[in-house]
1. Explain nothing, just compute: Karplus ³J(HN,Hα) = 6.51 cos²θ - 1.76 cosθ + 1.60, θ = phi - 60°, for every residue of the range A:164-175 in order, whole Hz, x for Gly and Pro.
2. From the helices alone, meaning DSSP H stretches of at least four residues, give me the mean residue ellipticity at 222 nm for chain A, per-run term -39500 (n - 2.57), in deg cm²/dmol to the nearest 500.
3. What is the angle, in °, between the Cα long axis of helix A:2-18 and the longest principal axis of the Cα atoms in chain A? Nearest 10 is fine, range 0 to 90.
4. Taking each residue of B:84-93 in turn, how many C-beta atoms of other protein chains fall within 10 Å of its C-beta, and what is the average?
5. Based on the mean of other Cβ atoms within 10 Å per residue, sort peptides A:175-185, B:486-496 so the most packed one is first.
6. How would you order A:86-95, B:196-205 from highest to lowest mean count of nearby Cβ atoms within 10 Å?
7. Looking at A:Val55, A:Leu185, A:Val175, which one has the Cα that reaches farthest to the positive end of the dipole of the protein assembly as shown (charges on Cβ: Lys, Arg +1; Asp, Glu -1)?
8. Tell me what chain B gives for mean residue ellipticity at 222 nm when only DSSP H runs of n ≥ 4 count, each as -39,500 (n - 2.57), the sum divided by the residue total, rounded to 500 deg cm²/dmol.
Amino acid sequence: MNAPRSQSWLLAALLLLCACTPTPEPRLRMGTIPWPGSEPLFLGQQLGLIPAQRVHLIEYRSSAQLLRAFRNGAIDAVSASLEEVLSLEQFGHEPRVVLVLDASHGADCLMVRPGMASLSGLAGQRIGSEESLLGMYMLTRVLERAGLRREDVRLEFSPLETHVEAWQRGELDAVVTFEPYCQRLASVGAHKLFDSSSIPGEIVDVLVVRKDFLQAWPHQVDALLRGWFAALAWKQQHPEEAIQRMAGRLGLEPRRLHEALSGVRFMDAPAQRTLLTGARPGLQDTIERMGELLRHHQLLPGNPGQTESARMLDAAPLLRVSP
Amino acid sequence: MRALVPAQRAGWHRLVSMRVLVPLLLIAYACFFGLYTLRRDVAHRELQVEEHVRQDITLRMTHLQGTLEYLLRTGQLEAVREELAELGSNPDLTVGLLLDDQRTVLASTRLALIGQPVWEAWPELIRPEALARMKAARVRMSGDVRVSEDGSRVEGYYPLQLSPESQGPRVGLLYLQHDLSQLKAAQRYRAEHSALRSSLLLVLIAGLLGLFFHFALGRRVRRLASVARQLAAGELNARARLRGVDELGTLGRAFDDMAERLSQDQEALRRSEASFRTLIERSPDAIFVHRERTLLFANPAAVTLLGYAREEELRGLAVEELLMPGEQDPLAETSMPGAAREVRFRHRGGQQVLGEVVTFSIPFDGQPAVVSIARDVTERKQVQEKLRTTDRMVSLGTLAAGVAHELNNPISYVLSNLRFAVDELGEAGEAGKPLSDEQAQEVQQALREALEGGERMRNIVHDLRSFSRREDEHLGPVDIHAVLDSCASLARSVIRHRAQLVKEYGEVPRVLANESRLGQLFLNLLVNAGQAIPEGDAKGHSVRVTTARVDAMWVVVSVQDTGVGIPPENLQRLFKPFFTTKPVGVGTGLGLSICHGIVTAMGGRIEVSSEVGKGTTFRVYMPVAEKSEQATRGAKSTG
């Protein structure tokens with residue numbers, strides 16, 4: 001009787017010993033850029049819904065910087081648009097789309113000088129844009145609508161932050177950009193001639209996680225997803241307070257932020273499942289259409305008609321978090 | 001209750017057994033050693049982390065200082081902000097701030113802080129010590145990277161030239177705060193992990209050691225213990241038969257040898273015990289073992305002696321119950337071991353059984369006890385008594401002829417004298433004439449002689465009577481000369497034709513003896529002396545009877561003859577019963593043995609010396625009566 005009891009005491013002592021320090025797990029390093037669609041992440045972290053010891057948010061200044069960091073392995077996850085996801089896949093970075101963060105429904109815009117009434121007026125104008133695939137895609141869609149070719153306009157590539165100043169200096173006639181810069185430009189007299197509400201479902205931001213991280217630390221990803229849904233729910237329940245909390249970071253007044261956010265559609269769990277799961281996930285169609293388009297315009301290497309791999313979508317974390 | 005105690009102790013016993021104790025000690029050692037090294041290792045690793053991060057931050061800030069100063073000089077604020085944002089990819093970097101000379105945040109890893117005054121953006125930086133370090137960095141224009149006092153973080157302060165020096169000294173500040181807790185936790189985890197691994201390894205070794213003890217030692221030790229218990233319980237054929245050439249194997253073989261020897265010894269002991277038991281049970285002598293006057297054991301002979309049917313009936317009886325009343329502790333151990341005593345036992349039927357008893361002490365059942373060995377001498381005593389009588393009769397027979405002869409002579413002359421007197425008186429009566437004086441004198445003479453003859457015959461008859469008085473065994477003062485005279489006259493007929501009897505009486509007191517017995521003794525000695533001398537030369541031989549006083553206590557009577565003598569080899573056996581050199585029919589062989597018995601019974605002793613061809617001398621020592629008489633009288637008066 002006694003001997004086994006004392007042995008189990010010893011065992012308990014040993015277990016206690018290994019319980020001293022929890023296994024150190026690397027935090028999910030997630031890069032963001034200033035974009036209203038990413039705000040619920042910061043709101044979640046502020047509220048403790050996305051635990052800081054599991055998810056580390058990095059605030060990059062531009063999508064170029066963000067993607068560079070992802071490509072270099074400095075971060076494990078990014079909030080990226082579909083075009084960027086396709087590009088990452090193309091270059092073998094093994095991105096895994098685990099969540100649709102938002103769909104731009106007006107938050108991506110073409111801001112022009114007040115005098116310009118139609119898209120055809122863009123011919124020969126100086127159009128500012130970020131040197132990114134998203135910017136190129138948006139520009140391509142705008143030019144398509146205007147019936148112009150790229151040669152018909154003067155493209156000025158510069159970082160997003162510099163556009164407002166360049167506008168004020170009169171160096172640009174039009175800018176392809178997105179919130180919060182649309183609002184900022186509007187505040188200095190630009191007006192919106194075209195936005196993403198005209199091309200619904202095309203500008204989609206997704207949460208991309210590197211494949212190896214997802215395999216090694218799936219729980220960190222789950223924590224992020226869980227926090228994301230919790231933050232959205234909180235935002236739903238406390239719209240005013242949420243706006244107040246989010247406004248400072250993007251440098252917008254609450255009213256402007258509200259407007260900016262109105263151009264962004266967030267997806268709840270059922271919508272996520274429609275997009276990510278099933279025999280033919282909804283997002284797969286969008287990705288393929290996007291790929292075809294990008295290749296058509298030679299924005300993505302490869303021949304038009306090439307099918308995109310379905311392996312980019314990984315609904316497992318979503319199913320774990322919201323079964 | 002009693003059965004419970006060993007059961008409870010069994011658990012602890014298992015704990016202190018080698019196969020558990022040694023591994024337990026090893027585990028305890030592993031735990032203590034593990035904890036000790038863990039503490040040291042953790043401290044060491046934490047120091048390493050601090051030093052490493054401090055160096056890393058110094059390097060990074062030095063690099064940033066140059067880059068940022070260049071970008072600021074060229075007015076690329078956006079690039080500066082990107083540089084700082086880039087830092088954010090390190091999860092342990094709590095914050096990175098670039099302050100201008102007005103302490104407003106120019107760039108940060110956190111977007112929300114940009115443009116805010118420092119006291120709002122990062123209140124920690126307006127604490128006095130932080131301000132002092134900022135000031136020092138600005139004044140000295142050198143970076144300062146330190147580990148905080150609690151070791152939880154590393155903070156770096158670097159001064160930054162905000163604009164070309166030509167435009168005036170605008171100095172900003174780059175501040176990085178690096179959290180160490182995660183890195184330290186990781187190191188601690190690794191240290192614990194390695195300690196755990198080594199502990200588990202030791203536990204494994206302990207387990208193997210336990211198994212080793214169990215199989216190599218424990219099982220064999222238990223086998224040995226079980227066999228030892230079997231041996232203790234009497235199973236002498238149990239053997240351990242341990243294998244192995246180690247110490248335990250050797251011990252096992254030695255143990256088996258011991259068991260073998262024990263078994264043999266036990267068998268020998270059993271056999272010897274059986275022999276002794278048979279010996280005791282078949283012994284014709286009665287054997288009693290008793291302790292503190294209680295009988296513990298009696299053999300069948302003892303049971304028979306006392307008339308019982310079974311030994312169990314005797315066992316436990318008090319010793320007194322076995323004896324005739326009045327026996328004074330006769331079964332107690334005597335001061336003379338081996339000396340026999342006569343004891344009167346009481347037969348179950350009440351009659352007396354006479355035993356000759358030897359008593360000594362032995363250990364019985366591990367405790368001292370007394371053994372009494374008794375021989376039934378009742379019959380022997382009776383036979384002896386009969387023999388003594390027979391011997392006397394034989395002596396009388398021997399004497400008969402002599403006595404007849406002795407009587408014949410006086411009878412013949414008494415008769416002839418009486419016949420002469422009758423004739424003389426008859427003749428005178430017939431003649432009617434009175435006896436002449438001469439005749440009267442002759443008749444008177446004849447009658448006187450006849451009277452003398454009658455006197456003599458009466459004396460002879462008296463002597464015979466006193467000699468054959470057998471019922472009286474009483475000891476008393478005896479005039480030894482009177483006894484000797486009687487004997488001499490009785491033995492005269494035997495001696496007369498062979499030797500001259502010479503009496504040399506000294507001044508001796510009366511001796512303590514039985515007159516009749518004493519007479520038998522001396523008659524025997526005198527007849528023997530006479531018979532030792534061949535007939536024919538009566539003048540040349542003599543039988544000399546001498547009395548003398550030895551000392552106050554003793555009187556000695558010597559009977560010396562000049563006969564054939566006794567060879568020395570026969571002297572030893574002289575007093576043994578049935579020893580005789582005489583022809584068959586002459587003697588019984590009991591004479592001298594009875595003499596010896598008579599003398600010793602009366603408290604005297606008898607000695608013999610002899611020379612072949614010269615003669616033999618018997619000396620009889622008898623105690624002086626006076627003193628004993630007084631003592632006897634005293635005893636009687638007190639009795």
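Any read-out appearing in this document is the output of simple, stated calculations on the displayed coordinates, not a laboratory observation. Please read all numbers here as calculations on a predicted model, not as lab measurements. Virtual Cβ from ideal backbone geometry, glycine too; neighbours counted across all protein chains shown.
1. With the stated coefficients, the range A:164-175 comes to 4, 5, 4, 4, 5, 6, x, 7, 10, 9, 8, 9 Hz.
2. Taken over chain A, the calculation gives -13500 deg cm²/dmol.
3. 20 degrees
4. Average neighbour count from other chains, rounded to a whole number: 6.
5. Order by mean packing, descending: A:175-185, B:486-496.
6. A:86-95, B:196-205
7. Of the candidates, A:Val175 comes out farthest on the positive side.
8. Working: 17 runs with 337 residues, N = 639.
Calculated at 222 nm, the ellipticity per residue is -18000 deg cm²/dmol.
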